[in-house]
Amino acid sequence: MKQLQDVDLKLLRVFMTIVKCGGFSAAQATLNMSQSSISEQMTNLETRLGVTLCERGRGGFRLTEHGQATYEATQRLLLAADNFCTETSALKQHISGKLYLGIIDNTISDADSPLARALRQFVARGHDVHLDVYIGMPAELEERVLDGRLHIAIGHFPLRVAGLDYSQLYQEPDGLFCSRYSPLFAANDAEPGLFERIAAGHIVARGYLQQHDLQQLQARKAAATVDNIEAQAMLILSGAYIGFLPIHYARRWVDSGDMRQIAPPRFHSDWPFNAITRKGTPQSAVLRAFLADLLPAQP
C-alpha cells in the first residue's frame, strides 16, 4: 500500500470491528454484512497490505504478528483522522469528534472523583462528541496515552513517565482490610503482637503497588498478586487474605459486616489521582474543551 486511499480507510474500519468483536461471525451484526462479504473485504485488505492479518477457521479467530501491529497502527491512524475532523469542525466554532478517555478500574464509588461532574457539564454544553472509554491498569493507561490511542487518562500513577503531563485532580484514601472469615476480624487493633500476625499472614498485594504494600505491612513477600481492585476485594472477602483497598470501594462490605478495616491510623495512605495527557503534542479542540470542565471540577 504505497498511498492511503478512501477504500483503505473503509477496509481498515472493517478490520477494526472484526478484531473488537472477536471474529468474522461476531462482527456480522455490527457491520450489517454477510460473513462472505466480510471475508472478501479482509482478503482485499490483506492483498493491499501484502501481509496476512489473521488466522480464521476451525481453530477460531486469531491475529497474526502482522495483524496485531496493523491493529495498533490503525488505532493511531483513525485517532488522527478523528482529530482532523475535530480540528476542522472547531473552525466553525462547533466542537465535534471523538474523545478517547482512559480510567483506572473501580472508581465509580468514589464521591471525591470529579469525573462524573465534569462529564455532566461537558455533555450539557451540547458538544457533538462521541466518548470512547477504556478501563485499564496504570501502566497500560500511560502506554496508551503515549502512543496516541487515548487522548487522556485518569488514575493513580505511581511513577512519572517521560513524555506525559500530570495534572492532579484529587486524592483517594485507602486502608488495610480483612474479611469476617479472617482470624484478624475479631482481633483488637491495640492487642500485642497484632502487627507481627499481619506481617506473617497471607497478604494480597496490588501489582503496581507491591513494594509499598509489603513495606507498609513489614512483610517479606506477598501470598498473592493482583492487577485490579475487584480481584483484590475478591481475595480479601474469601477470608484467606488481607490487603489494601480504597476506603470508598470497601465501604459496602464494611457496612454489611463482611469486612473490617484494620488499625486505620497505622495502615492508611492517600493516593493522588491525576489526569495524564501526552506532552509536546497539540491538543485537539475536544480534549481542550473536556479539560476545561475536568480540571476546575474538583471538590
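The values are calculated or read from the model by the stated rules, or taken from the named source; none is laboratory data. Computed from a predicted model, the values in this text were never measured in an experiment. Every residue, glycine as well, gets a Cβ built from its backbone with ideal geometry; the counts of neighbours run over all protein chains shown. For the accessible areas, the whole protein counts, side chains as well, though only heavy atoms, and no ligand, DNA or RNA atoms are used. Shrake-Rupley method; radii C 1.70, N 1.55, O 1.52, S 1.80 Å.
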Looking only at helices (runs of 4 or more DSSP H) that lie completely in the range 25-127, which have at least 1 residues being over 30 Å from Y249 (Cβ atoms) and open to solvent by 20 Å² or more (accessible area, probe 1.4 Å)? 35-49, 65-90
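Go through the range 215-253 and give me each residue that's open to solvent by 60 Å² or more (accessible area, probe 1.4 Å) and among the aliphatic types (A, V, I, L, M). Walk me through it before giving the result.
The initial filter retains those residues of the range 215-253 that are open to solvent by 60 Å² or more (accessible area, probe 1.4 Å), namely 215, 218, 220-221, 225, 227, 230, 234, 238, 251-252.
Within the range 215-253, just M234 meets the criteria.
Restricting to the range 188-205, and then to whatever is open to solvent by less than 40 Å² (accessible area, probe 1.4 Å) and either touching a residue at least 60 places away in the same chain (Cβ under 8 Å) or out of contact with any helix residue (DSSP H, G or I) (no Cβ under 9 Å at 6 or more places or on another chain) (or both), can you tell me which residue is nearest to R144 (Cα to Cα)?
As a first pass, look at the range 188-205 and keep what is open to solvent by less than 40 Å² (accessible area, probe 1.4 Å): 193-194, 198-199, 201, 203-205.
Checking the rest, the ones that are also either touching a residue at least 60 places away in the same chain (Cβ under 8 Å) or out of contact with any helix residue (DSSP H, G or I) (no Cβ under 9 Å at 6 or more places or on another chain) (or both) come to 193-194, 198.
On the way: G193: 45, L194: 42, I198: 37 Å.
Across the range 188-205, the extreme among qualifying residues is I198.
Scan F177, F157, F185 and give me the residue that is in contact (Cβ under 8 Å) with a residue 60 or more places away in the chain and either open to solvent by 60 Å² or more (accessible area, probe 1.4 Å) or hydroxyl-bearing (S, T, Y) (or both). It would help to see each step written out before you state the result.
Numbers: F177 fails: either open to solvent by 60 Å² or more (accessible area, probe 1.4 Å) or hydroxyl-bearing (S, T, Y) (or both); F157 fails: either open to solvent by 60 Å² or more (accessible area, probe 1.4 Å) or hydroxyl-bearing (S, T, Y) (or both).
Just one listed residue meets the conditions, F185.
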Test for Y241: is it hydroxyl-bearing (S, T, Y) and more than 30 Å from Q121 (Cα to Cα): yes
Which numbered condition S269 fails, given (1) outside any loop (DSSP other than H, G, I, E, B); (2) open to solvent by 50 Å² or more (accessible area, probe 1.4 Å); (3) in contact with a His (Cβ under 8 Å, 6 or more places away or on another chain): (2)
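With more than 30 Å from G239 (Cα to Cα) and acidic (D, E) as the only criterion, which of D105, D132 stands out? Talk me through it step by step, then tell me what you get.
Numbers: D105 fails: more than 30 Å from G239 (Cα to Cα).
Answer to the selection: D132.
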Among the listed residues D213, D227, D258, D270, which satisfies the condition of being free of Cβ contacts under 8 Å to residues at least 60 places away in the same chain and of a type in the set (D, E)? D213
So which of Y166, Y208, Y170 is assigned to a helix (DSSP H, G or I), under 28 Å from the mean Cα position of the chain (by Cα) and surrounded by 13 or more Cβ atoms within 10 Å (Cβ to Cβ)? Y208
